[in-house]
Amino acid sequence: MSKLLIDVGSTYFKTSSSEGVAQAFRDFSMTIFDDLSHKFANKIAAYKKEDIYICSSANGGLSTLIIGLTNSFSLKYAKNIAFNSGINIIDTVLVHELQTSVAPTQLLDVVIVVGGIDSVGGIYDTKLISYLAKLRYSNIVYVGNTQDVPFLRSHVEALVVLENIIDNKLKVREEALKEYLTNLYQQDIVGKEDIKQLYAITANQIFSTPYIVNRSLPFIGTKFAVVDPFIVVDIGGATTDIHYSRDLVRDNIVSENGFDRLVFKKLGVYKSRESLVFAAKSNEFVYEMLNYLNVTENILEEQSEKATKILMLLSIFLVLYKVSSYKPAYVTLNLERLNALVFTGGITKVLSQDEVLSIVHFFYKKVLNTNTIPTIVLDHNYDIWTLGMHQ
Amino acid sequence: MTDRIKKVVTGVVGNDIHVVANRLIDISLQARGYEVFNLGVNTYLEEFIDAVIETDADILLISSLNGEAEGWCRDLQFLRSEYQLKDVVFVIGGNLAVGEAKCEDIVPKYKAYGFDLVFHQIDLNTGLDTLEAFMQDRITK
Ligand code: B12
């Protein structure tokens, strides 16, 4: 009854079977299908289509712009749901800034419009329509008050209307929007021609990797000595993901799923190396950190195993920094309360426990001013991913 | 104002965790026929204002028990004009200063911050009666 699990990442493949885990760098000169069938030919031949499960994070990620009424409610709720569904937020705009704010020029995968409880109306008018005319987008979804629906339906083409994400008690109601965005993300990843070809080797549905990882979080305790609250940091080739328990956020957002996810699209070690280096160089702690690691700034320009290690350590630091209260961004996690910090993804194959420990120590000491750090767990065997695939 | 059900946003401002009065306020307002949006303890001024906007509330009723409201409410006037909340009634009550203080000193100060009604160490029902009279007065005007 054994299964073969395959993950298609943006830089490498990994497989898990009864013989253990294996990984191989991708060859971008051929299609994913050819590359995979070539590298794991024997393995794939040894399993029936029904026993092969595939997930992918290759070239993933949708972009969104959110238009909302206030920072504390409509925008906050929508941002939270978008992050949770793995969508990258390009920008947010408040209704009262619609006329003055500059519209982003890039093509957006989805625009989210939200605002008001159902007993409030007249929030959206022609100002929104003029603003939308300046945007380029593929999908638009409205999740605000019901009273504005007729106006919007008659003025916005192809508008998808879902249940208001703000209920009549001003609490978040996330299911409908989350399902819509997750499907969009899923369609984007598995709809790519490259991925569709993989149905030749599997009879099972192909999922997106972040979805699989998120699904395994409630069961993580069965594999590791991890105590809530914890976060899982997945440092990959193109993006860095952080999955965290809701308990760590100050917001009183009440919801079903106890875990949220945040994607840092530009903090990958390979594919987005340049932007990672850029982010590192503009960080106020970087020189102290390089000094602490006994290297100079030049290492950032090098192409060596050592340089890769340093970049991975930098990305750990930057991710923690970005979600700490020191640098309030979209989401601030209460890292002081953290019991465990779990690392997964490519870095677990490159960094040692000690190296990770030392950078986390540096972060807690420098940024949070404390010598107590959470338990560090390295998911060397991709157990989290395997767990999610088996669920 | 029409005679539709009035909406009230309430909560405890700043880093203040005294929750008992907040629960009482929620229950009392509902008993008096208001639609209540209770943001609970530890609520910042921006969150109050944002809640008023999202719900199109008629009244914002802030309470403060630990005495630190002053520091949290100084920006009210600014936010009030930024969002054009002219018609909203702003009310604050509880312990509005740290230690001993006189109402004669406190009330004008909070009125200058933009509150319409200020209740320093005044019993809840008395406060809510005054609020109702105030609202009635507005309608007749
Ligand atoms: C219980 C209590 C606590 C509990 C709170 C538990 C909880 N989760 O609620 C604990 C122990 C945690 C606590 C902590 C603190 N407390 Co305390 N606490 C009290 C205590 C003993 C009772 C409060 C209470 O629940 N009363 C019952 C409710 C129903 O009455 P009420 O809160 O007074 O509210 C009434 C009116 O004020 C009014 N009202 C309230 N809001 C509004 C709004 C409007 C519009 C209107 C009209 C009326 C109104 O209506 C209510 C009913 O009539 C009071 C002292 C006292 N006897 O009042 C101190 C008191 C409020 N605490 C005080 C202080 C200083 C603190 C701490 C700072 C102590 C410290 N150094 O750590 C911390 C603050 C923590 C924080 N971040 O907020 C001071 C505040 C001093 C001041 N303002 O000058 C008080 C007054 C004690 C004192 N005399 O020094 N406290």
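The values are calculated or read from the model by the stated rules, or taken from the named source; none is laboratory data. Here the structure is a predicted model, which means the values were calculated and not measured. Methodologically, a virtual Cβ is constructed for each residue, glycine included, from the backbone with ideal geometry; neighbour enumeration extends over all protein chains shown. Side chains are part of the model used for accessible areas, which takes the heavy atoms of the whole protein and leaves out ligands, DNA and RNA. Shrake-Rupley method; radii C 1.70, N 1.55, O 1.52, S 1.80 Å.
Worth a mention:
- Across region B:99-119, the number of residues qualifying as near the ligand (Cβ under 9 Å from one of its atoms) and either surrounded by 11 or more Cβ atoms within 10 Å (Cβ to Cβ) or closer than 19 Å to B:Lys86 by Cβ (or both) comes to 4.
- Condition check for A:Gly115: within 14 Å of chain B (Cβ to nearest Cβ) and touching a strand residue (DSSP E or B) at 6+ places or on another chain (Cβ under 6 Å): yes
- Residue identified as surrounded by 18 or more Cβ atoms within 10 Å (Cβ to Cβ), part of a strand (DSSP E or B), more than 11 Å from the ligand (Cβ to nearest atom) and modelled with pLDDT of 95 or more among B:Val36, B:Val8: B:Val36
- Residue in region A:81-91 that is of a type in the set (Val, Ile, Thr) and assigned to a loop (DSSP other than H, G, I, E, B) present: no
- Highlighted here are the strands (runs of 3 or more DSSP E) found entirely within region A:8-65 that include at least 2 residues which are hydroxyl-bearing (Ser, Thr, Tyr): A:12-17, A:52-56.
- Residue in region A:44-55 that is open to solvent by 40 Å² or more (accessible area, probe 1.4 Å) and within 14 Å of chain B (Cβ to nearest Cβ) present: no
- The number of residues in region A:182-216 that are more than 19 Å from A:Asp109 (Cα to Cα), hydrophobic (A, V, I, L, M, F, W, C) and in contact with an Asp or Glu (Cβ under 9 Å, 6 or more places away or on another chain) comes to 3.
- Test: A:Tyr270 is of a type in the set (Phe, Trp, Tyr), modelled with pLDDT of 80 or more and either on the phi > 0 side of the Ramachandran plot or more than 11 Å from the chain's Cα centre (by Cα) (or both): no
- Of the residues making up region A:201-220, those that are surrounded by 18 or more Cβ atoms within 10 Å (Cβ to Cβ) and within 18 Å of A:Leu4 (Cα to Cα) are A:Ile201, A:Thr202, A:Ile206, A:Phe207, A:Ser208, A:Thr209, A:Ile212, A:Val213, A:Ser216.
- Residue, surrounded by the fewest Cβ atoms within 10 Å (Cβ to Cβ), within region A:332-380, restricted to residues that are closer than 18 Å to A:Tyr292 by Cβ and among the β-branched types (Val, Ile, Thr): A:Thr370
- Test: A:Tyr326 is in contact (Cβ under 8 Å) with a residue 12 or more places away in the chain, under 23 Å from A:Ala24 (Cα atoms) and hydroxyl-bearing (Ser, Thr, Tyr): no
- Selection count where residues are within 12 Å of the ligand (Cβ to nearest atom), open to solvent by less than 70 Å² (accessible area, probe 1.4 Å) and out of contact with any His (no Cβ under 8 Å at 6 or more places or on another chain), scope region B:11-33: 11
- Of all residues in region B:2-32, those that are at the interface with chain A (Cβ under 10 Å from one of its Cβ atoms) and closer than 16 Å to A:Lys171 by Cβ total 2.
- Here A:Ser2, A:Ser29, A:Ser72 are screened, and the one residue that is surrounded by 17 or more Cβ atoms within 10 Å (Cβ to Cβ) and touching a helix residue (DSSP H, G or I) at 6+ places or on another chain (Cβ under 9 Å) is A:Ser72.
- Residues within region A:98-139 that are buried (at least 21 other Cβ atoms within 10 Å of the Cβ) and of a type in the set (Gly, Ala, Ser), tallied: 2
- Residue pairs meeting the criteria (Cβ under 6 Å; at least 6 apart or on separate chains; first under 16 Å from B:Lys7 (Cα atoms), in region B:128-141; second at pLDDT below 95 and open to solvent by 70 Å² or more (accessible area, probe 1.4 Å)): B:Ile139/B:Met1
- In region A:140-158, the residue that is most open to solvent (accessible area, probe 1.4 Å) out of those that are more than 25 Å from the chain's Cα centre (by Cα) and under 13 Å from A:Val114 (Cβ atoms) is A:Thr146.
- Residue in region B:120-134 that is least open to solvent (accessible area, probe 1.4 Å), counting only those that are touching a strand residue (DSSP E or B) at 6+ places or on another chain (Cβ under 7 Å) and within 7 Å of the ligand (Cβ to nearest atom): B:Gly127
- Matching option when the condition is within 13 Å of chain A (Cβ to nearest Cβ) and without any contact (Cβ under 8 Å) to a residue 24 or more places away in the chain, among B:Glu35, B:Glu46, B:Glu82: B:Glu82
- Flag not set for B:Val91, criterion: open to solvent by less than 10 Å² (accessible area, probe 1.4 Å), touching a strand residue (DSSP E or B) at 6+ places or on another chain (Cβ under 8 Å) and within 14 Å of chain A (Cβ to nearest Cβ).
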